[in-house]
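Since the structure comes first, as structure tokens, the remarks are kept for the end.
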Amino acid sequence: MAQTAYSIGSEKEKGSLRRIVQKLLSQKYLYLLVLPGFLLVLVFNYFPMYGILVAFKKYSVAKGIWDSPWVGMKYFDMFLSNPMALRTVKNTVLLGLYGLLWGFPAPIILALLFNELRILWFKRFVQTVSYFPHFISTVIIVGMIKELTSLDGLVNQVTGLFGMDPVNFLSESQFFRTIFVSSGIWQGIGWGTILYLAALSGVDPTLYDVASIDGANRWHKMKNISLPSIMPTTIILFILAIGGILGNDFSKVLLLYNPGTYETADVIGTYVFREGLQGGRFEYAAAVGLMLSVVSFIFVAITNGIVKRFSDSSLW
Amino acid sequence: MQKSTTALLSILLASSMLAGCSGNNDNGGTDSGASPAASGGSSASGDTNAVEELSFEVMIPKFGVDPADTLVQEQWEKEMETYLGVKLNIKWNRIQWGDEYFEKAKVMAASGEIPDVMLSLEGLSGINDNGEEGLYADLTPYLEQYPYYKEFVNGTPNSDTYLFSSNKKIYAYFDGYDNPTELTPSQYSSSYRLDVFEQNGIKIPETLDEMYDAAKKLKELYPDTYPIGSSGKYMAYAGFYNSLHTSDDIYWNGEKYVFGPTEMSFKEALEFMHKLYAEKLMDPDYFTDEIDQARPKATTGKTFIYPLSWSGFATEFNDNEQANVKWTNALIPSSKYGDAWLYSSEPAGKGLGNGSGIVISAKAKHPELLAKMLDYQYSGKMMTLMNWGVEGTTYEEKDGVKQYTSNILNADNLYDELCKYGVGTTGSCRAGIVWTPQDRVAKYTDPGSVTSFYHDGKETEESYWTANGTYGKGRVAPNDQAPRINFTSDENEQISNTMTPVRTYVQESVIKFIKGEMDLSDWDKFQAQLKKMGDYESVVSLYQSKL
């Protein structure tokens, strides 16, 4: 490969290529370290992008992706022209937005609280316990939610103490988002603290000492030292989270919703899933998926642009 | 500095891509080394007589228990080797049934990289599409050549459109059944807490009105219960629909295809359910309960009536000694439209269902031998083996009637015992290349289906299959025996595209009507909105045009 490159390059390029090779050789172990990760991303994230083509094709197995006939924007039209499209888009965005609004600050607050704990074994214990929900499968989580919110479940028992009538929460559309988002926070809060705690552990302890000498209390220190020092991490994670707004936990919605809650719970993913049940329609799913990815990317780009204008941290 | 690194990376990228491409070519090419096909021992010419060993790869689902090494599986291989006159060398790939298998089969069919033999779940149009495109072997020539499968093909109504492609070709060994009885039974019934009904002198309902009265009385007697519950979402409303002779989707009403939600009888079903809900006779969890939520209510005296339920649940509740309850099954109550339809009844005779079937890869070597093998699974001898096991060991036959042997019948758990031998009737441990055709008699006489059944003022212990089939004779829902029509994949696309918003709207409106969030006086508005959701009339016409 390298030889071919040499032969077509100009004299100047030949020189720079030589430098590359030299550099490569001098840092060969570092490049070797990068290689597996690089290949992984390349093979599993970049090569499959070729498959995006099926969103614009009538895919036929025998002809393969490239030779299948083009159908243009047919599948995009198909989705956008259906009368439920607006509602599913709204539900998807709102569910993601609420998830971000309540779910994003939660681990930051928890991480700051962990950071204030002085008894080390207690801190470790609570931290470990808080990770647990992350490892429970969605099916189990949904089963637990069903139990808790059923007519004689814990939630109704508690509200019953205050004289309220029992409600079947999972069949009332107005409760769906609350249930989905709050259980999502419970699932992810502990795991979400990890990156923030790592950032907090990097804070120079002398800063706290100096602040103490100046008479700062714990609240002041948290506000003026801890919080600003995890700001770059927070910003990066925030930009990434924006990209995830449209990518709701599809399987959790699917397990948790029912026709009684379609009004607020039916997101793009679940709708397409129901529609695609009749026959494996890859093209349609690919088109909708591509549409979501493009919109998500735009979200990320806008957020990144805004953040860049007001701070030093940004994705690019 | 950065530039040179980028250049290096792009070289690396280009070379890996080339590597990737050439890999693809290998797979797509005709190179025999890359093909997963059978390697006939002595030659690859397709000359059957010359083959000594038939090697091939199979991908099928398993259902919890791997049947490899079971008696029936060993016997299956032995019988097949004798019948084919070759030694079999099979590479089994049994994947757990459910999402795991669905996903794998779908991805394999889509990528075109399939094993020699596999169970396809794509349905007729998907199977035909892939067959016409050359992914699956054309089985039409073997249909006349081998004796057994064609009997099932011929027994299937409208087989020319129901099983064949538009080019008159057949690409799969479809899901077969043989029901030699006269019965067209169902495994679903209405269920009632018999002990509570008898204690309080309440009649087991035969009509919807009687069901309402019974629920009303039970509510008076047990004010903090909801007498009517649901044991699963998919069964929640169908009992009422079947009683009132309607459906929540497009269905065959005996004369033509109609869309249920536009019918008066559908409105009446909603009115009735709304009445039950408003008077707190129907569980507020009715819309969400699955059996896991229903079970505790059924066994602790919180639910007394299931309008429609899988009949086996009653047996399960009754077997719970701690609960000490007595449930019974009965026919679905009738209405002003007459006897209720049976839910999901099974046809009589031999036939095939076109929802899934075993396909042979077009790349497989010796498709004629594989076809002969799969054809043989439809023979009486192999069906007995798959459904009953081995004579003397798992079953015995007296006067033409088969019965499991005493060591099976007396086992703690009949199914676990049958499972050890790989007898397919267990459901969980199925030998052979599934789907192997079902001998429905084995199912209908399965001791596990014996349950309490209430009919004509008295309770008996009998199989829910035969009970529903016998007492419910002539109550087959027209749609269960609808003309077998078919759609092309483009038509299927059109149907799902039009009907998904409509169905979504129907399903959520049903709940709103029952709860009273939508008023039944707004029926016309509902109809108008339904039309806005999609042109269901065109879909009904499409169905109609296929007759």
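The table below lists the values:
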item: Filter result for the condition that a residue is over 30 Å from A:Gly260 (Cβ atoms), free of Cβ contacts under 8 Å to residues at least 12 places away in the same chain and either outside any helix (DSSP H, G or I) or more than 14 Å from chain A (Cβ to nearest Cβ) (or both), over B:Thr466, B:Thr460; result: B:Thr460
item: Hits in segment B:117-174 - residues which are aromatic (Phe, Trp, Tyr), in contact with a strand residue (DSSP E or B) (Cβ under 8 Å, 6 or more places away or on another chain) and within 17 Å of B:Glu491 (Cβ to Cβ); result: B:Tyr162
item: Residues of segment B:498-547 satisfying the condition of being over 25 Å from the mean Cα position of the chain (by Cα) and among the basic types (Lys, Arg); result: B:Lys512, B:Lys515, B:Lys525, B:Lys531, B:Lys532
item: Positions within segment B:295-319 being outside any helix (DSSP H, G or I) and away from chain A (no Cβ under 12 Å), in sequence order; result: B:Gly301, B:Phe304, B:Ile305, B:Tyr306, B:Pro307, B:Leu308, B:Ser309, B:Trp310, B:Ser311
item: Only listed residue being farther than 25 Å from B:Arg484 by Cα, in contact with a Lys or Arg (Cβ under 9 Å, 6 or more places away or on another chain) and either at pLDDT below 95 or among the β-branched types (Val, Ile, Thr) (or both), chosen from B:Pro227, B:Pro284; result: B:Pro284
item: Selection within segment B:511-524 - open to solvent by 10 Å² or more (accessible area, probe 1.4 Å) and not acidic (Asp, Glu); result: B:Lys512, B:Lys515, B:Gly516, B:Met518, B:Leu520, B:Ser521, B:Trp523
item: Selection count, segment A:155-184, where residues are within 13 Å of chain B (Cβ to nearest Cβ) and of a type outside the set (Val, Ile, Thr); result: 13
item: Flag if B:Tyr162 is modelled with pLDDT under 95 and crowded, with 19+ Cβ neighbours inside 10 Å; result: yes
item: The listed residue being part of a helix (DSSP H, G or I), under 29 Å from B:Asn492 (Cβ atoms), under 22 Å from the mean Cα position of the chain (by Cα) and free of Cβ contacts under 8 Å to residues at least 60 places away in the same chain, out of A:Val294, A:Val288, A:Val272; result: A:Val294
item: Residues of segment B:258-284 that turn out to be open to solvent by 40 Å² or more (accessible area, probe 1.4 Å), within 14 Å of chain A (Cβ to nearest Cβ) and within 17 Å of B:Lys512 (Cβ to Cβ), as a count; result: 1
item: Matching residues, segment B:273-296, being touching a Ser or Thr at 6+ places or on another chain (Cβ under 7 Å) and more than 21 Å from B:Lys515 (Cα to Cα); result: B:Ile291
item: Residue check for B:Asp292: within 14 Å of chain A (Cβ to nearest Cβ) and open to solvent by 40 Å² or more (accessible area, probe 1.4 Å); result: yes
item: Scope segment B:509-524; condition in a helix (DSSP H, G or I) and away from chain A (no Cβ under 12 Å); matching residues; result: B:Leu520, B:Ser521, B:Asp522, B:Trp523, B:Asp524
item: Enumeration of residues in segment A:54-76 that are within 27 Å of the chain's Cα centre (by Cα) and open to solvent by 40 Å² or more (accessible area, probe 1.4 Å); result: A:Phe56
item: Residues that are over 19 Å from B:Ala340 (Cα atoms) and assigned to a helix (DSSP H, G or I), drawn from segment B:216-257; result: B:Lys216, B:Lys217, B:Leu218, B:Lys219, B:Glu220, B:Leu221, B:Lys233
item: Leading residue by the ranking (nearest to B:Asp224 (Cα to Cα)) among those in segment A:140-154 that are away from every other protein chain (no Cβ under 11 Å) and open to solvent by 60 Å² or more (accessible area, probe 1.4 Å); result: A:Leu154
item: Some residue of segment B:485-492 being among the hydrophobic types (A, V, I, L, M, F, W, C) and open to solvent by 20 Å² or more (accessible area, probe 1.4 Å); result: yes
item: Flag if B:Lys458 is surrounded by fewer than 19 Cβ atoms within 10 Å (Cβ to Cβ), assigned by TED's automatic domain parsing to the domain that holds B:Leu281 and of a type outside the set (Ser, Thr, Tyr); result: yes
item: Enumeration of residues in segment A:208-237 that are surrounded by fewer than 16 Cβ atoms within 10 Å (Cβ to Cβ) and closer than 23 Å to A:Ser183 by Cα; result: none
item: All positions within segment A:297-314 that are within 22 Å of the chain's Cα centre (by Cα) and among the hydrophobic types (A, V, I, L, M, F, W, C); result: A:Phe297, A:Ile298, A:Phe299, A:Val300, A:Ala301, A:Ile302, A:Ile306, A:Val307
item: Residues satisfying the stated conditions in segment A:262-291, i.e. open to solvent by 30 Å² or more (accessible area, probe 1.4 Å) and either out of contact with any helix residue (DSSP H, G or I) (no Cβ under 8 Å at 6 or more places or on another chain) or at pLDDT 90 or above (or both); result: A:Glu263, A:Leu290, A:Met291
item: Evaluation of B:Ile495 against (1) touching a residue at least 60 places away in the same chain (Cβ under 8 Å); (2) crowded, with 16+ Cβ neighbours inside 10 Å; (3) more than 26 Å from B:Ser230 (Cβ to Cβ) (one fails), failing number; result: (1)
item: Test: B:Ser496 is more than 14 Å from chain A (Cβ to nearest Cβ) and polar (S, T, N, Q); result: no
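Conditions tested, residue by residue: (1) in a helix (DSSP H, G or I); (2) free of Cβ contacts under 8 Å to residues at least 12 places away in the same chain.
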position	(1), (2)
A:Val89	yes, no
A:Val93	yes, no
A:Gly96	yes, no
A:Gly99	yes, no
A:Ala106	yes, no
A:Ala111	yes, no
A:Arg118	no, yes
A:Trp121	yes, yes
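The values are calculated or read from the model by the stated rules, or taken from the named source; none is laboratory data. Just so we're clear, the structure is a prediction, and the values are computed from it rather than from any experiment. Note that each Cβ is placed from the backbone with ideal geometry, even for glycine, and that neighbours are counted across all protein chains shown. Side chains are part of the model used for accessible areas, which takes the heavy atoms of the whole protein and leaves out ligands, DNA and RNA. Shrake-Rupley method; radii C 1.70, N 1.55, O 1.52, S 1.80 Å.
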